[in-house]
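What follows draws every value from the coordinates through simple rules; no lab data is involved. Note that the structure is a prediction, hence the values are computed from the model and not measured. Positions of Cβ are backbone-derived with ideal geometry, glycine not excepted, and every protein chain shown enters the neighbour counts.
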Amino acid sequence: MKTISILGSTGSIGTQALEVCEEHNIKVKALAAHSNAKLLAEQVVKFCAEYACIFEENKLDELKSCLAGRNVTLLTGMEGLKTIASLDGVDIMLNSVVGMVGLVPTLTAIEHGTDIALANKETLVAGGKLVINAAKEKGVNIYPVDSEHSAIFQATQGNSMNRVKGIILTASGGPFFGKTIDDLRDVTVEQALNHPNWSMGSKITIDSATLMNKGLEFIEAMWLFDLRPEQIEIVVHRESVIHSAVEFEDNSVIAQLGVPDMKIPIQYALLYPNRVHCDVKHLSLTDYGKLTFSKPDYETFKCLTACIKAVTAGGILPAAVNGANEQAVAAFLSGKISFLGIGELVEEVLNNTQNKEINNVDDILEADRAAREYVAKRILERRF
Ligand code: NDP
Ligand code: MG
């Protein structure tokens with residue numbers, strides 16, 4: 001029986017991962033959330049977790065009262081996440097928090113020698129070099145949870161990565177596929193949150209609407225599979241049935257298909273290398289009838305272009321672009337900026353950041369902080 005801990009257990013990925021744990025008898029040692037103390041406590045009780053961390057310190061009392069009389073170690077803040085990331089007796093830590101805050105716990109788990117199931121893509125975008133190098137040094141496995149990266153991982157099983165020519169990274173295109181800049185001027189939060197194929201947390205849903213998500217995934221793929229930018233082709237595939245594909249030396253292309261349901265990649269990461277029953281719908285290709293493919297619109301969707309430029313330049317730029325996006329998405333969700341403002345701000349940060357090499361985690365955290373500060377200041381200065 002495997003034992004896991006989950007950072008971000010109350011979110012979209014976290015709750016689905018707990019369903020996988022329930023179905024497959026995976027023992028849950030520790031759980032962490034940001035501020036949803038009530039749901040976290042319910043999960044801790046249901047799965048008999050020994051540790052619970054609520055990041056927001058002012059929610060600790062609520063968590064304490066929900067778990068009164070139970071033998072659970074309660075934690076808070078970044079120290080709490082780091083404690084969970086360095087527990088003994090955990091086979092895999094699922095990192096499914098949203099945002100750059102996942103970086104330090106990921107590095108802590110690697111330092112401790114614990115394998116990671118990684119949904120938190122911002123970790124690799126901002127700190128890919130450090131994370132991958134540390135994992136190699138410690139012999140730690142990073143199992144991708146993101147559906148595209150899981151597809152690539154699945155397609156390469158039994159094949160040598162040396163024989164990979166490139167990958168096809170599929171994109172649903174989000175709710176605004178085919179729209180022009182003019183069409184997107186008055187997009188509301190509600191429209192942007194209405195994803196055609198996937199039900200996810202709000203930050204990644206906005207990232208999918210701006211195509212920032214595909215830019216983040218482009219960078220994530222480079223680090224996970226040791227690829228150069230020119231080895232990655234992004235293809236818009238509206239049906240989200242082909243989750244991505246790998247092209248090999250002989251021009252054979254192997255893809256992974258399935259209904260759009262995150263349970264499959266979550267389960268594959270947690271139970272690797274076993275393939276067992278998964279509680280998702282059967283894929284009927286004849287119900288779909290046809291699958292479609294087209295090129296992304298790099299001009300309208302500025303975030304995607306910014307990510308590719310950032311990772312091609314390297315250094316701190318991917319961390320800066322990611323930090324700018326996190327700040328801009330939060331501003332959009334709270335009604336402070338327009339939908340197009342997100343792309344404009346991300347592009348501005350890319351163009352105004354003095355690039356430098358990453359030598360340690362502080363370089364990444366500083367690039368993230370500076371980008372967020374820049375965005376916050378610009379939002380006060382003018383309307384986006
Ligand atoms: P959600 O917003 O649904 O959930 C985020 C989770 O992280 C919640 O449990 C939240 O707690 C927790 N959290 C946030 N900040 C902290 C913190 N500082 N400390 C501890 N916990 C924290 O996001 P998703 O599940 O949709 O996405 C999670 C990650 O997975 C993202 O990086 C996303 O890009 C990636 N991903 C998601 C997919 C999906 O289908 N949803 C698909 C592929 C990748 P609380 O509930 O208390 O706020
Ligand atoms: Mg994805």
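Ranked for footprinting exposure by Cβ neighbours inside 10 Å, fewest first, 2, 214 give 2, 214. Helices that extend 27 Å or more along their long axis by alpha-carbon positions and average at least -1.0 on the Kyte-Doolittle scale are, among the DSSP H runs of the chain, 361-381.
In the chain, helices alone account for a calculated mean residue ellipticity at 222 nm of -14500 deg cm²/dmol, with every DSSP H run of four or more residues adding -39,500 (n - 2.57). Where does the charge balance sit around residue 301 when Lys and Arg score +1, Asp and Glu -1, over other residues with C-beta under 10 Å from its C-beta? Value of the local net charge: +1. Pairs exceeding a 24 Å alpha-carbon distance, out of 29/263; 2/82; 2/138; 2/214; 27/263; 29/82: 2/214. Around residue 102, under 14 Å between beta carbons, what's the net of Lys plus Arg minus Asp minus Glu among the other residues? With Lys, Arg at +1 and Asp, Glu at -1, the neighbours total -2. Which residue, 189, 28, 346, tops the fluctuation ranking in a GNM of the chain built on C-alpha contacts under 10 Å? Among 189, 28, 346, the largest GNM mean-square fluctuation belongs to 189. Shape analysis of region 322-384 yields a ratio of the Cα radius of gyration to the Kirkwood radius, Rg/Rh, of 1.00.
Of the residues 112, 277, the one with the fewest other Cβ atoms within 10 Å heads the list, and the complete ranking is 277, 112. Across the options 52, 100, 78, the greatest Cα extent toward the positive end of the charge dipole of region 32-137 (unit charges at beta carbon of Lys, Arg, Asp, Glu) belongs to 100. By the count of neighbouring beta-carbon atoms within 10 Å, fewest first, 88, 363 end up ordered 88, 363.
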